[in-house]
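A quick write-up on the structure given underneath.
The values are calculated or read from the model by the stated rules, or taken from the named source; none is laboratory data. All of these numbers come straight from a predicted model, not from anything done at the bench. Note: ideal-geometry Cβ built from the backbone for every residue, glycine included; neighbour counts use all protein chains shown.
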Amino acid sequence: GVRHGRATQGWADGQGLPVHLGAPRVSRVVERLGGSTVVQPGGPLVGRLRVPGDKSISHRVLMLAALADGTSTVRGLSDGGDVACTRRIVEALGAGVVDVDDDTISVRGGSLGAVDHPLDVGNSGTGIRLLAGLLAGLPFRSVLDGDASIRRRPMDRVLEPLGLMGATVAGHDGLALAPLDIRGGGLRGIEYRLPVASAQVKGCVLFAGLSADGPTTVVEDRPSRAHTEELMVAFGIRLASEADGDLTRVTLQPGRPSAFDHDVAGDPSQAAFWAVAASIVPGSEVVVGNVYAGPARSGFIDVLKRMGADISHDPATGDLMVRHAGLTGTVVTVDEVPGLVDEVPILAVAAACAEGETTFDGVGELRVKESDRLATVESELGRMGADVRVDGDTLVVRGSALRGTEVDSHHDHRIAMACAVAALVADGPMTVDGWDAVATSYPGFADDLDLLREGA
Ligand code: S3P
């Protein structure tokens with residue numbers, strides 16, 4: 001069931017690059033040792049590949065299909081563990097999900113009902129926050145829970161607006177933490193200004209708004225990813241998004257989506273690992289096909305361009321093309337952060353390989369991701385000898401030589417993959433402990449890395 005990779009290499013795509021299709025081969029340059037993975041330095045990376053379906057879109061499509069009356073068809077869903085949790089949850093609630101083929105599922109939605117056990121979102125902040133909104137609108141009791149990381153992440157940001165809508169949602173022990181106990185139904189529409197730039201909070205309120213008694217408006221200061229809005233409009237929900245000075249106002253009328261057919265585009269946040277890898281490893285030339293192009297996801301491309309990267313994204317085909325180039329430091333401003341919030345760890349690797357200093361301003365939200373990413377970027381890149389400093393909500397990285405050593409994912413998929421990319425330019429093998437975290441979003445990452453190196 002592998003959709004985004006692999007194996008038979010040919011030169012068949014007309015771009016002069018090997019195409020990776022089929023089943024992965026045994027790893028050569030990436031070696032597994034218990035819970036760790038050893039990545040050998042070197043390259044180049046050459047070839048064309050696909051990354052998993054976008055994770056943000058995959059969660060939303062499953063939830064919208066579960067709410068729709070009738071049967072929807074979805075191709076290219078993310079094969080990561082986070083989305084698998086959301087799939088199991090909508091199935092437990094009563095949606096009928098069937099694997100049609102390797103890349104296609106059908107979802108029969110429409111009549112959801114109570115489940116007598118806690119619903120497990122695994123490691124997924126998007127899963128728990130969006131589902132909290134969806135379930136707050138449905139007239140039964142649900143409990144949402146997840147792993148140790150989920151139980152530490154702030155839920156006040158969704159408890160507050162759901163409370164204003166009239167929902168009864170309680171965190172664990174009176175705290176704003178998972179598990180969340182939700183008694184749904186009877187919601188009123190509200191107007192809510194987001195206190196943090198967060199697509200998860202915006203999405204939570206909009207999902208709840210589908211079941212409210214009148215319109216719901218969400219106001220954002222800095223535009224976050226717009227997948228909830230795009231998909232709801234595409235599936236027949238009455239929703240309008242408009243600029244109001246510097247603000248964006250999204251207004252939604254309650255209703256249910258129509259059943260739909262949807263092809264999930266590739267995840268730009270995963271493509272970003274290959275974009276940085278190809279940029280920093282001499283001789284590399286990589287094309288990632290079918291990468292989503294849309295609002296608030298392309299910030300990393302702009303930053304890499306400013307750093308001198310040879311990168312282009314064709315919105316018509318989704319092809320993201322990247323060749324090796326020397327990088328120089330830049331300043332990432334607070335306004336750019338919502339558009340690249342998940343790409344900061346891998347951009348920090350690019351910065352560690354660049355000439356001079358790169359500053360990321362206003363990245364305090366990284367403290368409440370799958371790990372405290374300001375701390376984990378600082379500690380793990382630091383172990384490689386990189387010059388990384390956190391000063392309040394600012395991250396500063398100065399280019400320097402990296403050494404092969406032992407690093408730890410801290411159970412964070414993006415930290416593990418960022419370390420593996422840094423390993424390519426280190427002076428010796430890099431051992432990444434806690435590699436299993438990668439499976440939450442990109443189970444085929446190590447195989448894809450091997451194939452790109454074999455493509456050279
Ligand atoms: C996501 C929003 C972002 C992002 C996360 C996915 C989404 O989180 O970090 O990986 O799908 O809405 P925040 O809303 O907390 O910024």
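Screening A170, A176 for residues that are more than 16 Å from the ligand (Cβ to nearest atom) and of a type in the set (G, A, S) leaves exactly one candidate, A170.
Across the range 371-389, the number of residues qualifying as within 16 Å of the ligand (Cβ to nearest atom) and either over 22 Å from D335 (Cα atoms) or small (G, A, S) (or both) comes to 2. With respect to (1) buried (at least 19 other Cβ atoms within 10 Å of the Cβ); (2) in a strand (DSSP E or B), the lone exception for R249 is condition (1). When you scan the range 1-9, do you find a residue that is among the charged types (D, E, K, R), closer than 27 Å to E406 by Cα and modelled with pLDDT under 95, even just one? Among the residues of the range 1-9, not one is among the charged types (D, E, K, R), closer than 27 Å to E406 by Cα and modelled with pLDDT under 95, which makes the answer no. The residues on offer are D173, D181, and the sole one that is part of a strand (DSSP E or B) and not basic (K, R) is D181. For A226, indicate whether it is modelled with pLDDT of 95 or more, touching a helix residue (DSSP H, G or I) at 6+ places or on another chain (Cβ under 8 Å), within 11 Å of the ligand (Cβ to nearest atom) and aliphatic (A, V, I, L, M). In short, yes. One residue alone among G455, G428, G392 is closer than 24 Å to G362 by Cα and either surrounded by fewer than 18 Cβ atoms within 10 Å (Cβ to Cβ) or out of contact with any Ser or Thr (no Cβ under 8 Å at 6 or more places or on another chain) (or both), and that residue is G392.
Residues are listed down the side, and each one gets a yes or a no for (1) farther than 20 Å from S56 by Cβ; (2) within 16 Å of the ligand (Cβ to nearest atom); (3) in a helix (DSSP H, G or I):
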{"position": "L130", "(1), (2), (3)": "no, yes, yes"}
{"position": "L187", "(1), (2), (3)": "yes, no, no"}
{"position": "P195", "(1), (2), (3)": "yes, yes, no"}
{"position": "Q200", "(1), (2), (3)": "no, yes, yes"}
{"position": "V205", "(1), (2), (3)": "no, yes, yes"}
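If I go through the range 419-447 residue by residue, how many of them are within 17 Å of G81 (Cβ to Cβ) and acidic (D, E)? Count: 2. Do we find that G109 is surrounded by 23 or more Cβ atoms within 10 Å (Cβ to Cβ), under 19 Å from S211 (Cβ atoms) and within 14 Å of the ligand (Cβ to nearest atom) in this structure? In short, no.
Being part of a strand (DSSP E or B) and not aromatic (F, W, Y) is a property that D147 lacks. Could you please let me know if E242 is surrounded by fewer than 24 Cβ atoms within 10 Å (Cβ to Cβ) and over 24 Å from the mean Cα position of the chain (by Cα)? So E242 fits the description; yes. Selection within the range 389-424: residues that are assigned to a loop (DSSP other than H, G, I, E, B) and over 25 Å from the mean Cα position of the chain (by Cα). The member of this set that is farthest from V276 (Cα to Cα) is T405.
Just so you know, in the range 185-217 the residues that are touching a strand residue (DSSP E or B) at 6+ places or on another chain (Cβ under 8 Å) and small (G, A, S) include one that is farthest from S142 (Cα to Cα), and it is A197. Exactly one residue out of V115, V51 is assigned to a loop (DSSP other than H, G, I, E, B), more than 23 Å from E365 (Cβ to Cβ), within 16 Å of the ligand (Cβ to nearest atom) and in contact (Cβ under 8 Å) with a residue 24 or more places away in the chain: that is V51. Of the residues making up the range 56-78, those that are away from the ligand (no atom under 12 Å from the Cβ) and of a type in the set (V, I, T) are T71, T73, V74. On the given criteria, is V432 in a helix (DSSP H, G or I) and at pLDDT 95 or above? In short, no. Taking residues in the range 329-351 that are under 10 Å from V363 (Cα atoms), and partners anywhere that are part of a helix (DSSP H, G or I) and within 11 Å of the ligand (Cβ to nearest atom), the pairs with Cβ atoms closer than 6 Å and at least 6 places apart or on different chains are V344/L366.
Residue-level analysis places G308 among those that are surrounded by fewer than 24 Cβ atoms within 10 Å (Cβ to Cβ) and either without any contact (Cβ under 8 Å) to a residue 12 or more places away in the chain or under 23 Å from V46 (Cα atoms) (or both).
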